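Each remark here refers to the structure printed beneath this line.
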Amino acid sequence: MLKIKEAKSFENIRFFPYLSKSLRFFKYFALLGLGSNISDEKKRFRALFRALMNDKRLKILATSPLLINKAFGYEAQKDFTNAIMLIQTSLHARVLLKVLLYYELKFKRKRTFKNAPRTLDLDLLYFSQKVKKDDWCKVPHIGVKERLSVILPLGLLEGKTNGTAHLYLYR
């Protein structure tokens, strides 16, 4: 079995992994990164999934299993739980990012210092083959191609979607 130093394990819980059998007539596809390392991460991810399923502005198409991996940046903290989520929306990238920040606040995210422990971290990783770079919104997300917390779950998500998720996202 392949061992990767920072990756500790994958876990399956309700809704992670998930695969929808239908699309909506939304204009864009987006890949979101989910992260947390303040307990109870699994309960929080399930609650987020339910909240997003009830949000009429988007449609969840697929999620990866949870990746438990070593904390990075500020390493004197608990291991991270990460996953990725493929969604559809008609919101533009900046508006979607505002929605994601709203959900971080709803789940009591506090930004005390860079790479601090967090209840919920939501990143807009890719957005419908678009490239956007301003002070507030950067798509693709900075460092997305080097992050183990994205690469490994994305590989599993691609397996679930028969390798089609990349068609909506990458340039």
Just name the residue that is least open to solvent (accessible area, probe 1.4 Å) out of those in the range 134-143 that are without any contact (Cβ under 8 Å) to a residue 24 or more places away in the chain and under 19 Å from residue 71 (Cβ atoms). 143
Please enumerate the residues belonging to the range 118-133 that are open to solvent by 40 Å² or more (accessible area, probe 1.4 Å) and assigned to a loop (DSSP other than H, G, I, E, B). 129, 130, 131
Would you check if there is a residue in the range 75-84 being polar (S, T, N, Q), touching a Lys or Arg at 6+ places or on another chain (Cβ under 9 Å) and more than 17 Å from residue 144 (Cα to Cα)? no
Is it the case that residue 29 is part of a strand (DSSP E or B) and more than 23 Å from residue 116 (Cβ to Cβ)? yes
Of the conditions (1) free of Cβ contacts under 8 Å to residues at least 12 places away in the same chain; (2) open to solvent by less than 30 Å² (accessible area, probe 1.4 Å), residue 80 clears all except one; give me its number. (1)
Just to be sure, is residue 49 assigned to a loop (DSSP other than H, G, I, E, B), under 17 Å from residue 97 (Cα atoms) and of a type in the set (Phe, Trp, Tyr)? no
Residues of the range 1-26 being in a loop (DSSP other than H, G, I, E, B) and either aliphatic (A, V, I, L, M) or under 17 Å from residue 150 (Cβ atoms) (or both), which ones? 1, 2, 4, 5, 6, 17, 23
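The values are calculated or read from the model by the stated rules, or taken from the named source; none is laboratory data. Small disclaimer: the values here were computed from a predicted structure and weren't measured. Backbone-built Cβ (ideal geometry, glycine too); neighbour counts: all protein chains shown. Please note that ligands, DNA and RNA were not included when accessible areas were found on the heavy atoms of the full protein model with its side chains. Shrake-Rupley method; radii C 1.70, N 1.55, O 1.52, S 1.80 Å.
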